[in-house]
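Here is the structure we will look at.
The values are calculated or read from the model by the stated rules, or taken from the named source; none is laboratory data. Since the model is a prediction, treat every value here as computed from it, not as a measurement. Cβ placement follows ideal geometry from the backbone for every residue including glycine, while neighbour counts extend to all protein chains displayed. For accessibility, only protein heavy atoms count, side chains too; no ligands or nucleic acids. Shrake-Rupley method; radii C 1.70, N 1.55, O 1.52, S 1.80 Å.
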Amino acid sequence: MNAAILIATRELRDKTRLFLTALALAILPFIASVMPMLRQKGDPNLVVTIAGILAFSLGVGTSVILGATTIGRPLSDGRLSFYFSKPIAPASIWIGKATAALIATAASFAIVALPSWLYARGEWSQTWSPIMTSTLLGSLVVFFVMHAASTMVRSRSALLAIDFLLAAATVGAIFIMLRPFAFSGATRLLSILGLILGIGFVLVLAIAPAFQLAFGRTDRRRSHAALSKALWPGVAIVLLAGAAFVGWVVSATPDDLSGQIVVAQTPATGWTFISGRALHRADYQASFLIDPKGGIHRTGPMWWSAAFSRDGGSVAWAEPVNPLRPREMEIYTRDLTRDDARPVATGIRLPFGEFVLSDDGRRIAIDDGHTLSIHDLGAKRLLFSARLFEVSHHGNMFFVSPNLVRVIHAPWQTRAGRDERVTPVITEVDVARRTVTNTGTVEPVRTSLCVASPDGSRLLFSRNGLLVDGRTGATIARYGDIGMWPAILRDGTVVVQKKTTIAIQRPDSAIDVALPGKGSAYIRGEVAPGKIAVQHGGSILIIDARTGVIERTYAHMQGPLVTWSPVDPRPLPIDTGRPLIVREGRHFAFWNPKTGERTPLGIGQ
Amino acid sequence: MSSEMAIHADRVTVRYGRRTAVDDVTLSIQSATVYALLGRNGAGKSSLVRAILGHLRPDHGRVAIFGEDVWTRRATLMDRVGVVPEEADAPPEMRVRDLGAFNAKLFSRWQQSAFDERIARFGIEPRVRFGELSKGQKKQVMLALALATSPDLVILDDPTLGLDVVAKKSLFEEVIADMADRGITVLITTHDLGSIEAIADRVGILRDGRLVLDEDVETMKERFRRIRFAKEPVVLDRGTLTTANVRRWGNGTEAVVTNFDDLAFERFRSEAQLERVEVSSMSLEEIFIAVSGENGVQS
């Protein structure tokens, strides 16, 4: 270590001219600020701006030059033997020289910055402090990178080609690693991964030259070879560590999800989509497609939501196209009738928006915020497009038939909040006739959820308790103040929550079922003829719709989670006998509503 | 390996890409001797010296200094070794006195007074930066640095390069001779064969990376002779005398014999009935030319 200090001291003595240059640059901002052409003489902001630019330029420039020359120049000039002819260990040579170079970089930076910082501390901390910290850290990286590059280039060895290939492979590997996080907009994970890789690479770049000097010593090509032999395995280890981290993050299972989770299941075939933030994995959004046997298919890079076709034969989702533009999406589809089917890119691009599949999955309607467009997925062809929405809106839509799309839309609340009333409009887009027709207007309602009858002929606005005609919007019935998640059954029965009861409104009669406790009730639908599943208070209640008796209670269970499409308001019958997705605590399972049997996921993987 | 050996190179090969600079060289240098390593430019001298100093790892073979592997024990061994490199390698920004101060903190047996005296004798101003010195002065500073470490072994790689005639004479007659007297082992590579001949105990000649001669100077000079035949060219080799560099000389022939022996030569002379024959001993330079010249042969 004494030898390293001795070398560092000696090297620093050679940097006198650099420090004198820095001193001259430190005075320059003050001279510039009193130039006659300036209106405000001695303006602190001007002094700080010039000093900051000079300090930044000198700091980075010094690290570039010293990185390229500290070892590289004496090595190519044959002067490194000066140290190797003395009782000095190779590591001491590197530590001494690198320390001197880094001190010189930091010192030259500080010499330029210090006078202006003392003159105008406030301006410094506002404008330059964050940049300067990055500059100093960046200079450290630049120094090591320049040293490696200089060693490689100066050797004029064929090894340079291999280095280039390995460097390209490293960049490729980093891109592949960053991709899942970048696509899912996981900025915190990107920072963590960047930190892991950054610290790892800096350590490798700092340590590898010690091996270079130990095994390459005074010979340029042997030095290059020794550096490469230490550098690339080190880089590989860092990449493996990064890959292990990425692998661990993306290996999250549905049971690892926490917080807000999106679950969609098509009762038609039993396929399920699950997406949400994974536990202990920062802001990683994990998504899964579960087959009817419970097999988990990890999806990627990112599905924000998925829409099943009504027949359950296909699913569509949107994936970001470019990690640098995460809001630009492309629609993908997958055939669910074949286990070995692969996702298919449709070539349909959209910004953030909503979409719905036709009942047979052959067509897709996309609402990009202003325009509704209808595409044929098989032919990858735009069938029709119309600008429907002048203002931001929310709404629902569904294919009445392959050629007819019905949209129920209302402008977003902007001022008065959730209690301001809006007027939903019902519009039909006819692809065959190429017409857009407003078929009806609903009376003003508070922002609420819109659910439809299974055939779409009636609409029920939750909270408002308003039942209207599905095409004209004409009011059919009013149920008063009801809960957020009502349901219309196949026989026309309307099931709503009214404070502490579940009201079952048949065409000819009405029953009120007292809930066992307080809290919202989510009416999930008929799980068997005349049997309604209601989620309430962390349990699933099975209620006989004819007698109003709560027949069974499944405690600590949420579900069945059968929101098969985010925008199609028509419920699907869930009494198909297929297992339904539920959640018990953190664990997802398939649940047989008739027997109550639960099967954990992962069986069919 | 004997502990008497200052340097032992065992089957050392150094390659630069496809080019072989040092080819399977085995070399031993006894302690307290002056060994002159000779060779034409590009023969591999500097590469061998770099391998001996542990500056470069041989592709094959190993080198020991004072019985210790120089590649693994270089840092320790360099405390006993003074080096004057072919190209002066001190940082050009350093002042001469700073070079001394730098070495003083690294070498356990550093003699500041010896350094100061030698620098003064060379007429070099200690305040001058190394880069401002002439080529010869740089060599002198490097020499002063090497000798002030009180070394057991001094390696001089072409130390006369850039020195004037007086300085050269001083180097050989005073410095190296003094080191030899004090029992310091000296390995020197030089092209100044006339000067080294009087001082070297042993000589090694490298040609195309191979050590083609490695012998005591006296023994070598005993066995090398130049023979000139005044008349017809004569076939000399009759199984007893080995020739090198046979060439026409006037109307006759000149041959260099590498294993000259008086008795054998007289027998050959009488058998061949030769009358006008001139036998002369050879200088180190002449032997070097015969061995490492374009038509040189391995002895």
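Figures for the structure shown
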| read-out | value |
| --- | --- |
| Per residue, in Å², the accessible surface of chain A once ligands and nucleic acids are set aside, probe 1.4 Å | 44 |
| Accessible surface ranking that places the most exposed of A:His587, A:His556, A:His409, A:His147 first, with a 1.4 angstrom probe | A:His556, A:His587, A:His409, A:His147 |
| Separation in nanometres of the label points that stand 7 Å from Cα toward Cβ, at A:His370 and A:Arg325 | 1.6 |
| Rounded percent of accessible protein surface that carbon and sulfur make up, the range A:354-448, 1.4 Å probe | 46 |
| Phi-based couplings in Hz for the range A:496-503 (Karplus 6.51, -1.76, 1.60; Gly and Pro marked x) | 9, 9, 10, 6, 9, 10, 9, 9 |
| Among beta bridges that DSSP assigns inside chain B, antiparallel share in %, nearest 5 | 65 |
| Pairs of alpha carbons in the protein assembly as shown whose separation is greater than 40 Å (percent) | 62 |
| Spatially proximal lysines relative to B:Lys135 (Cα-Cα < 24 Å; intrachain offsets below 8 disregarded) | A:Lys86, B:Lys45, B:Lys168, B:Lys169 |
| Rounded tilt (10° steps) of A:2-13 against the dominant C-alpha axis of chain A | 80 |
| Net charge over other residues, Cβ less than 11 angstrom from the Cβ of A:Ala379 (K, R count +1; D, E count -1) | +3 |
| For the pair A and B, total buried accessible area rounded to nearest 100 Å², probe 1.4 Å | 2400 |
| Heavy-atom accessible area order for A:Phe164, A:Phe201, A:Phe181, largest first, 1.4 Å probe | A:Phe164, A:Phe201, A:Phe181 |
| Alpha-carbon Rg with Dmax, taken over the range A:354-448, Å | 13.9, 45 |
| Cross-link partners of A:Lys499 among aspartates and glutamates (Cα-Cα below 17 Å; sequence separation of 8 or more within a chain) | A:Asp481, A:Asp512 |
| Local net charge near A:Gly492, Cβ-Cβ under 9 Å (Lys/Arg +1, Asp/Glu -1) | +2 |
| For chain B, built as a Gaussian network whose Cα springs stay under 10 Å, the top-fluctuating residue of B:Glu285, B:Glu86, B:Glu132 | B:Glu132 |
| Helix A:129-155 vs. chain A, principal-axis angle (Cα, 0 to 90°, nearest 10) | 60 |
| For the range B:100-245, average projected area of the Cα convex hull in nm² | 12.5 |
| Principal-axis tilt of helix A:187-215 within chain A, Cα atoms, nearest 10 degrees | 30 |
| Solvent-accessible area lost in complex, 10 Å² minimum, residues of the range A:219-233 relative to chain alone, 1.4 Å | A:Asp219, A:Arg221, A:Arg222 |
| Sum of -39500 (n - 2.57) over DSSP H runs of 4+, divided by residues of chain A (222 nm, nearest 500) | -12000 deg cm²/dmol |
| Number of partner chain Cβ atoms within 10 Å, mean per residue of A:56-65 | 0 |
| Per-pair calculated FRET efficiency, R0 = 30 Å: A:Ala106 and B:Arg97 via Cβ, rounded to 0.05 | 0.55 |
| A:Lys594/A:Ala236 FRET efficiency (R0 60 Å; Cβ-Cβ; nearest 0.05) | 0.65 |
| Accessible area per residue, Å², chain B with all protein chains present, probe 1.4 Å | 46 |
| Pairwise FRET efficiency - A:Arg121 versus A:Asp283, Cβ, R0 = 30 Å, nearest 0.05 | 0.25 |
| Average partner coverage of B:78-90, which counts Cβ from other chains inside 10 Å | 4 |
| Proximal charge balance of A:Gly270 [Cβ under 11 Å; K/R count +1, D/E count -1] | +1 |
| Label zone at B:Ser281 (point 7 Å along Cα-to-Cβ), backbone N below 13 Å, the range B:180-224 | B:198, B:217-224 |
| Virtual spin-label span in nm between A:Ala244 and B:Asp216, 7 Å along Cα→Cβ | 6.5 |
| Accessible surface of the range B:225-280 [probe 1.4 Å, protein heavy atoms]: carbon and sulfur percent | 43 |
